[in-house]
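Asker: One structure is given below, represented as structure tokens, and several questions about it will come after.
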Amino acid sequence: MSRSALSIVACALVAAGVPAGGTDVIESKVANFTIEEVATGLQIPWAIAFLPDQRMLVSERHAGRLSIVEPSDGSVTPLAGGPTDVFIKDNAGMLDVVLHPDFARNSLIYYAYTAGTDSLNTTVVERARLDGHHLVDRQRIFTALPWYHNSIVYGCRLAFLDGYLFITMGDRWDLRHLSQSPGTHLGKIMRVHDDGSVPADNPYNQITGAAHEVWAIGVRNPQGLAVQPGTGMLWEHEHGPLGGDEVNVIKPGRNYGWPVISHGREYSDEPIGEGITAKQGMEQPAHYYVPSIAPSDMTFYTGSAFPGWQGDLFIGALALTHLNRLVVDGETIVHEERLLEDKAWRIRTVAQGPDELIYIGVDDGLLLRLRPAGEKASTFVEDSATTTNPSNVTDR
């Protein structure tokens, strides 16, 4: 890259709030850190999956593709052989990507995207082998039903747990009532084998008329999914409407309430349905936000680079543009901290790298990492969690 090009990139990073050289120290409650630029120019980096050689597999939502980012020099190389039927509009495009748990042996990756047209589209999940910078042996293993004609509220995160693949699906906005019907995939959490087949012990497997992939029902726009290390519990978060974003612990056969109960309101400020927040047989969230932060990706931090953050849950925030840190005790959130609020970044994805640093992707096209900066005094006692926040936007 020429000196003039490097100068242009540096100016753009400074304008975006990234300090040159990552030298500005940010002080948080239990950790101090600096921010470093990893790559630029991505088209909404929606998800990050780290390869064994520490390169980053990144989904670019509005490019409709998967790319490999080399963190040592920031180079971005799109993969060849990917899908050609990606529907790109509003919330639609290339969505999540994860590695098979046995990737080192089988080279399999799993990715989700919206397929179709303005007239009819849906979310699909495929798997393929990664061969250099090519996808080979592509196989579609899941198609969300029904297809529909808008381009919003797809949800869609993927996670492996105990060898099973979990898939989240949004309610597609107009079809919210289907979140309570196990006969569709909308507003649901699904569980399948790694080839897309249905496990025999899925909770709706023996129910006539049910979609047998369904694991849990009653979610709205689930854009975060993570397995808690040590416990193996599956955590999910979802966008509420006007307020009422939720963090949930997902258990088989449970009903998470949408749209019967909600801590939010319609965008018109009218109540959701009967305006109730609880009902027998429906789960309460572990944490909720009123008004919304518009949560995106999430991950549990397990590294040693930030000892004060071990076991914490990190969530990107789009509407309130920050990195949300939740301290977890069992199935309870006991403290919340908001990092990087002054940057005005729509944080779309967050992941822990093999170097035990935290990486974030920003809608403006940046990939960044947080690096520890000196020791933080351990005398701070974190206070109780709060659930009050200002603002809201859809998908946002």
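Asker: Can you run phi through the Karplus equation (6.51, -1.76, 1.60; θ = phi - 60°) for segment 56-64 and list ³J(HN,Hα) in whole Hz, with x for Gly and Pro?
Answerer: Residue by residue, segment 56-64 yields 10, 8, 10, 8, 10, 4, 8, 8, x Hz.
Asker: For the chain, set up a GNM with springs between Cα atoms under 10 Å and report which of PHE87, PHE103, PHE160 has the largest fluctuation.
Answerer: Ranking PHE87, PHE103, PHE160 by mean-square fluctuation puts PHE103 first.
Asker: Then there's this: So which residue, out of LEU95, LEU57, LEU186, gets the largest mean-square fluctuation from a GNM of the chain using Cα contacts under 10 Å as springs?
Answerer: LEU57
Asker: Which whole-Hz couplings ³J(HN,Hα) result when phi for each residue of segment 333-350 is put into the Karplus expression 6.51 cos²θ - 1.76 cosθ + 1.60, θ = phi - 60°, listed in order with x for Gly and Pro?
Answerer: 8, 10, 7, 10, 10, 10, 9, 6, 4, 7, 7, 6, 8, 7, 7, 8, 9, 9
Asker: For GLY81, what residues show an amide H to amide H distance below 5 Å, using hydrogens built from the backbone and excluding near sequence neighbours?
Answerer: LEU135
Asker: Find, among the GluC sites (Glu not before Pro) in segment 183-280, those assigned to loop by DSSP (not H, G, I, E, B) with at most 16 other beta-carbon atoms within 10 angstrom.
Answerer: Those that pass, being in a loop and sparsely packed, are GLU266, GLU274.
Asker: If packing is taken as the mean number of other Cβ atoms within 10 Å per residue, what is the order of 309-321, 26-38, highest first?
Answerer: The densest-packed peptide leads the list: 309-321, 26-38.
Asker: Let me ask you something else. GNM on the chain, C-alpha springs below 10 Å: top fluctuator among HIS237, HIS149, HIS263?
Answerer: HIS149
Asker: In whole Hz, with x marking every Gly and Pro, tabulate ³J(HN,Hα) for segment 111-118 from phi via Karplus 6.51 cos²θ - 1.76 cosθ + 1.60, θ = phi - 60°.
Answerer: 9, 10, 7, 8, 10, x, 9, 4
Asker: Rolling a 1.4 angstrom probe over the protein heavy atoms, how many square angstrom per residue are accessible across the chain?
Answerer: Accessible surface, normalised per residue, equals 39 Å².
Asker: Report, by chain and number, residues whose modeled amide H sits under 5 Å from the one on THR34, excluding near sequence neighbours (fewer than 5 apart, same chain).
Answerer: Excluding prolines and chain starts, which carry no amide H, the hits are ILE26, ARG371, ALA373.
Asker: Okay, next question. Residues of segment 189-221 with amide nitrogen under 15 Å from the 7 Å Cα-to-Cβ point of LYS251?
Answerer: Label zone hits: 203, 216-217.
Asker: Please find the FRET efficiency linking ARG55 to ALA80, where r is the Cβ-Cβ separation and R0 is fixed at 22 Å, and quote it to the nearest 0.05. Provide the component values of the computation, followed by the final result.
Answerer: Values: r = 16 Å, r/R0 = 0.72.
Efficiency, from the Cβ-Cβ distance: 0.90.
Asker: Antiparallel DSSP bridges in the chain: what percent, to the nearest 5?
Answerer: 95
Asker: From Cα pairs below 8 angstrom and at least 6 apart in sequence, can you work out the relative contact order of the chain, rounded to a whole percent?
Answerer: Relative contact order, the chain: 14 percent.
Asker: Something else now. Among PHE33, ILE48, VAL97, whose Cα lies farthest out toward the positive end of the dipole of the chain, if unit charges sit on the beta carbon of Lys, Arg (+1) and Asp, Glu (-1)?
Answerer: VAL97
Asker: Moving to a separate point now. Grab the Cα-Cα distance for SER107 and SER268, subtract it from 0.36 nm times how many residues apart they are, and report the gain in nm with one decimal.
Answerer: Net length gain for the segment: 53.2 nm.
Asker: Quick one: grab the alpha carbon gyration tensor of the chain, order the square roots of its eigenvalues as a ≥ b ≥ c, and give me rounded if a/c is under 1.5, else prolate or oblate depending on whether a/b is larger than b/c.
Answerer: Taking the square roots of the gyration eigenvalues as a ≥ b ≥ c, the chain is oblate.
Asker: Can you compute the modelled spin-label distance between GLN139 and LYS29, with each label point 7 Å from Cα toward Cβ, in nm?
Answerer: The answer from the label model is 4.6 nm.
Asker: Now, a different point. Given H placed on each backbone N at 1.01 Å, which residues far from PHE142 in sequence or on other chains put an amide H within less than 5 Å of it?
Answerer: Those lying under 5 Å, H to H, from PHE142 are VAL125.
Asker: When only C-alpha pairs under 8 Å and at least 6 residues apart count, what is the relative contact order of segment 160-262, in percent?
Answerer: This gives 25 percent for segment 160-262.
The values are calculated or read from the model by the stated rules, or taken from the named source; none is laboratory data. These numbers were taken from a predicted model, which means no experiment stands behind them. Glycine gets a Cβ as well: all are built from the backbone with ideal geometry, and neighbour counts include every protein chain shown. Heads up: the accessible areas ignore ligands, DNA and RNA and are worked out on the full protein's heavy atoms, side chains in. Shrake-Rupley method; radii C 1.70, N 1.55, O 1.52, S 1.80 Å.
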